[in-house]
1. By how many nm would the segment from E282 to N380 grow when fully extended, if each residue of separation counts as 0.36 nm and the alpha-carbon distance is taken off?
2. Rounded to the nearest 0.05, what FRET efficiency do L252 and N118 have when you use their Cβ-Cβ distance and R0 = 51 Å?
3. Where does each of 203-209, 88-94, 296-302 land if you order them by average Cβ count within 10 Å, highest first?
4. Could you work out the per residue convex hull volume over the alpha carbons of the stretch 158-224, in cubic angstrom?
5. Please list, in order along the stretch 295-312, the HN-Hα scalar couplings obtained from phi with the Karplus expression 6.51 cos²θ - 1.76 cosθ + 1.60 (θ = phi - 60°), rounded to whole Hz, x for Gly and Pro.
6. In the structure shown, do any of K84/K112; K84/K417; K152/K286 have a Cα-Cα gap over 30 Å, and if so which?
7. Mind giving me the nanometre distance, one decimal, between the label points for Q400 and V158, set 7 Å out from Cα along Cα→Cβ?
8. Working from the pairwise distances between different alpha carbons, so that the mean of 1/r is found and then inverted, what is the stretch 141-304's Kirkwood radius in Å?
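Nothing in this text is a laboratory measurement; each read-out follows from the coordinates by a stated rule. Only a predicted model underlies this, so the values are computations on that prediction, with no experimental measurement involved. Positions of Cβ are generated from backbone atoms using ideal geometry, with glycine treated the same way; all protein chains shown enter the neighbour counts.
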Amino acid sequence: MAKLIASALGEEFEARLTSEMKFPAISAMVEWCDVVLLDLRSASAGKVKDHETGIQLLDEIVRVSPQPPVVALCDADDRTMLLKVMERGAFDSAENPPNVLELRLILRRAYKLFAAENELQRLRKSSREAGRLQDLLGTSRAMQELFALAHKIAPCDVNVLITGETGTGKELLARAIHQLSPRNARPLVAFSCANLPEALIEDELFGHERGAFTGALGSRRGRIETADQGTLFLDEIGDLGLGLQPKLLRVLQQRSFERLGSNTTINVNIRLISATHHNLAELVKKEKFREDLYYRLNVVHMHLPPLRERRDDIPLLAQLFLQRSSEQFRKNARRFSKSALRALEEYDWPGNVRELENVVQRAVVLAEGQIVDTWNLPPNVAGPSDPVLAVHSYEEEVRQFKRRLVLRTLRECGWRKAESARSLQVARGYLHRLINQLEIRESEDAAPTGQGIRSFRAGESSDARELDGAVHESI
């Protein structure tokens with residue numbers, strides 16, 4: 001059976017087979033692989049319903065560091081064993097004998113998780129060794145370009161305007177630029193202008209002298225003065241009132257200001273990094289923001305894309321937050337189940353990275369073992385019940401499987417229809433009909449890219465029954 005499965009997977013998978021696994025040698029035998037496909041029946045010498053040897057092997061494999069994800073082959077009617085292997089740390093399970101098309105997708109998803117974990121370790125190491133951008137991680141092209149720009153402009157003493165939706169990590173980027181700059185020995189002083197009265201913002205930024213207003217019992221330094229020789233980070237600069245904008249402009253132009261209630265000029269040397277979720281150019285057109293101040297702030301513009309536009313970074317960030325939360329709360333959670341990871345990837349994340357971190361924290365707190373599953377996620381993130389556990393008609397089960405299969409393949413192929421059709425081994429015209437019938441829209445995935453173990457280069461088929469056969473046919 002093992003040889004048959006390896007042959008059916010195709011040349012794109014480099015498979016190595018073993019019928020015996022001595023426990024002391026497990027670490028050496030799995031260190032070369034990306035995914036372990038564990039046949040519980042073969043591991044137990046073919047004894048039906050006796051999978052103890054296979055379970056012992058699974059326990060040994062999950063203790064290996066770094067641990068490759070394990071996909072266990074279980075008997076289709078042995079639901080108890082299926083749940084048991086998931087509780088013991090398997091990434092996923094498949095029926096034995098498996099559906100080859102579905103097994104390929106499971107292996108590719110498992111590899112994607114393993115690659116994310118390895119990339120996280122690499123980025124952490126390079127962060128310690130080369131001063132990477134702190135907790136700003138990402139392998140997407142947009143984030144890599146952002147990292148390169150940050151490294152380029154950090155040593156230059158220019159003002160920076162960071163734009164992006166709430167929760168994308170604008171302050172993290174500002175702190176990273178400060179740490180990479182020559183001013184890193186001095187403080188970065190942060191202040192948010194959001195939803196505060198203009199008088200309070202003025203006092204916070206410029207400080208005051210004793211008696212400047214009722215209740216001013218002593219003099220006080222403002223944020224601008226505190227940031228002297230360092231960096232001032234003004235968040236939500238778009239909310240700064242029109243009355244204060246000329247005063248901030250003077251600080252940038254003349255490097256001087258006066259405290260409230262004082263005529264003494266104070267000279268400062270600061271670098272200003274500002275951030276906003278507003279479109280300042282539109283505010284300038286509406287005369288709600290000074291044009292001259294806008295150009296002073298916008299010497300270098302950096303845009304942080306929302307999380308839904310860089311979905312490939314979700315597994316990497318989720319694993320980082322999982323590891324951090326496990327350490328913080330002293331939990332044993334090590335990774336996400338397949339369904340939980342899929343739910344995280346498919347959710348739109350209106351709160352972006354900040355929302356993802358909060359969701360993962362909650363999931364880790366609720367998780368009982370090593371695996372974080374969908375029921376540990378909030379209902380709005382977990383979505384509808386897992387199709388594996390829900391009860392549907394046969395036709396609905398087949399339709400949902402087809403939809404997930406086609407949608408995942410489109411994402412992995414970057415929504416290129418010809419490449420997706422070749423991967424599915426169906427005609428391109430039939431794929432277009434399937435997309436319409438299954439109501440699949442590219443808007444379901446704003447930045448759909450993916451990486452499996454390797455790419456598939458199967459030939460095109462003109463028979464529309466090819467995919468239906470793949471859905472129902474087992475080895």
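1. Numbers: separation 98, 0.36 × 98 = 35.28 nm, distance 3.31 nm.
Extending this stretch completely gives an extra 32.0 nm.
2. Details: r = 44 Å, r/R0 = 0.86.
The value I calculate is 0.70.
3. Working: 203-209: 20.6, 88-94: 22.3, 296-302: 17.3.
Answer by packing, highest mean first, reads 88-94, 203-209, 296-302.
4. Values: hull volume 8.0 nm³, N = 67.
Cα-based convex hull of the stretch 158-224, divided per residue, equals 119 Å³.
5. Running phi through 6.51 cos²θ - 1.76 cosθ + 1.60 with θ = phi - 60° gives 5, 5, 6, 8, 5, 10, 9, 10, 10, 8, x, x, 5, 5, 9, 9, 5, 4 Hz.
6. Working: K84/K112 23 Å; K84/K417 39 Å; K152/K286 33 Å.
Flagged as over cut-off: K84/K417; K152/K286.
7. Label at Q400, label at V158, 5.3 nm between them.
8. Working: mean 1/r = 0.0614 Å⁻¹.
After inverting the mean inverse Cα-Cα distance, the result is 16.3 Å.
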